[in-house]
1. Considering only residues that are surrounded by fewer than 20 Cβ atoms within 10 Å (Cβ to Cβ) and at the interface with another protein chain (Cβ under 9 Å from one of its Cβ atoms), which ones fall in the range A:71-81?
2. With basic (Lys, Arg) and under 19 Å from the mean Cα position of the chain (by Cα) as the only criterion, which of A:Arg133, A:Arg152 stands out?
3. Does the range A:109-126 hold any residues that are under 17 Å from A:Val185 (Cβ atoms) and among the aromatic types (Phe, Trp, Tyr), and which are they?
4. When the range B:23-47 is examined, which residues are found to be under 17 Å from A:Glu32 (Cα atoms) and assigned to a helix (DSSP H, G or I)?
5. Out of the residues in the range A:53-66 meeting the condition of being among the hydrophobic types (A, V, I, L, M, F, W, C) and either more than 9 Å from chain B (Cβ to nearest Cβ) or not in a helix (DSSP H, G or I) (or both), tell me which one is surrounded by the most Cβ atoms within 10 Å (Cβ to Cβ).
6. Out of curiosity, is B:Ser226 under 22 Å from B:Arg173 (Cα atoms), more than 17 Å from the chain's Cα centre (by Cα) and part of a helix (DSSP H, G or I)?
7. Based on what the data block shows, is A:Asp50 part of a helix (DSSP H, G or I), free of Cβ contacts under 8 Å to residues at least 60 places away in the same chain and either among the hydrophobic types (A, V, I, L, M, F, W, C) or more than 28 Å from A:Tyr127 (Cα to Cα) (or both)?
8. Does at least one position in the range B:145-157 carry a residue that is crowded, with 18+ Cβ neighbours inside 10 Å and basic (Lys, Arg)?
Number of protein chains: 2
Amino acid sequence: MTESAADGLVALQDPAYRQAVVDLLGVIAYGELSAFERLAEDARLAPTLDDKLAIASMAAAEFSHLAPLQERIVALGGDLPGAMAPFQRAIDDFHVHTSPADWFEGLIKAYVGDGLAADFYREIAAYLDPDTRDLIVASMEDAGHADFVVDRVRAGIADDPRLGGRLALWGRRLMGEALSQAQRVAAERDALSALLAGGVDRPGMDLAGIGRMFTRLTERHAERMSLLGLDS
Amino acid sequence: MTESAADGLVALQDPAYRQAVVDLLGVIAYGELSAFERLAEDARLAPTLDDKLAIASMAAAEFSHLAPLQERIVALGGDLPGAMAPFQRAIDDFHVHTSPADWFEGLIKAYVGDGLAADFYREIAAYLDPDTRDLIVASMEDAGHADFVVDRVRAGIADDPRLGGRLALWGRRLMGEALSQAQRVAAERDALSALLAGGVDRPGMDLAGIGRMFTRLTERHAERMSLLGLDS
């Protein structure tokens, strides 16, 4: 057994750690289920059948991540609906506040929102036992969003340069809403906050570390916006 | 080579037959893509997270049928968006005319509508070459709709007996709209109608046969309604 696998087993014997992991997998799972629903809805706005198929296929890919998350949650003594329930409100609110007005806003939300979530969960995963970490990293795999969205958005802005200004504002709004809901979740779920703070046998993140994490998240968000040809 | 496989090869050498099969796979594919979108939308109406997961999982199952249909369409010289396009209008109109007002109407539409489509395509598949027939039968596999929907609808009617009357009307309306759009497709797509009429080397269906097919479709629709506890 490697040293990190042994660390994982020690951590998993701690009920508070197990609860925190179930929480984390629950919020990730509900995020994917919601992303599935929203992408399927965006598919209806698609201007062509090719676009519709591309978006529907991303939606199906998000859904396919649920089964392994459910398996792990059950192995840790939880159940999928129970693990998702505490996060339904915050994630639903995020979607209500960021309902795309058109096809392009939907594309950017899929790319920028999922990218931000993936960066955030990967940051947290680095503090977890190896099995949970690998599962989270696999769940965050890009479902082909990036290339497709960048291509479509750049073409849209080339057709209508005014689109760029509106979509840049939209990107900032998505970032703001995501941070605001993430803070709400962190404030309400002590187990999740404790994960970041670490434990006797696990290194945690101090305030300076959290600050550096947000800097990295913001930088990567800016990189994505720049790939789209948008100011962040 | 079996006799039916040889028949299949002969039929596939006929360009009109190939076009008719591409048409048929195209309408099935667009039907599944639409079912995916509507089920994902219904998932948002689900009263519990368990229900939401069940419906989302049916939606993902519908989407998973697209890849084998696409493969076959391409093998016959077509492409998926091109094969779906002629049927987009009729199927979209069906959905606009049968937009569910609540969770129960959505459940019944998923079960009754998909059941009717599956019965109809299986009837047509019986006249086709074996490979196409097997592909269509596999595409029509019940994605777990039946048991889940029957259970939820019967429980709903037990809670509120007035629901039964409204949902029985809804079932008749779904049947009527489906027949009306199917007639429109048959009238517009000669290749599809010719499929049913048969060819030199393939048996077809005469008017009496078409009448008997509609009798069977109606009987099976009545059985599904009866399983739901509804008058048809």
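The values are calculated or read from the model by the stated rules, or taken from the named source; none is laboratory data. Computed from a predicted structure; not experimentally measured. We place every Cβ from the backbone using ideal geometry, glycine too, and count neighbours over all the protein chains shown.
1. Selection gives A:Pro81 alone.
2. Working: A:Arg152 fails: under 19 Å from the mean Cα position of the chain (by Cα).
Answer to the selection: A:Arg133.
3. Selection gives A:Phe120, A:Tyr121.
4. Across the range B:23-47, the qualifying residues are B:Phe36, B:Glu37, B:Leu39, B:Ala40, B:Glu41, B:Asp42, B:Ala43.
5. Ranking the qualifying residues of the range A:53-66, first place goes to A:Ile55.
6. yes
7. So A:Asp50 passes the test.
8. Yes.
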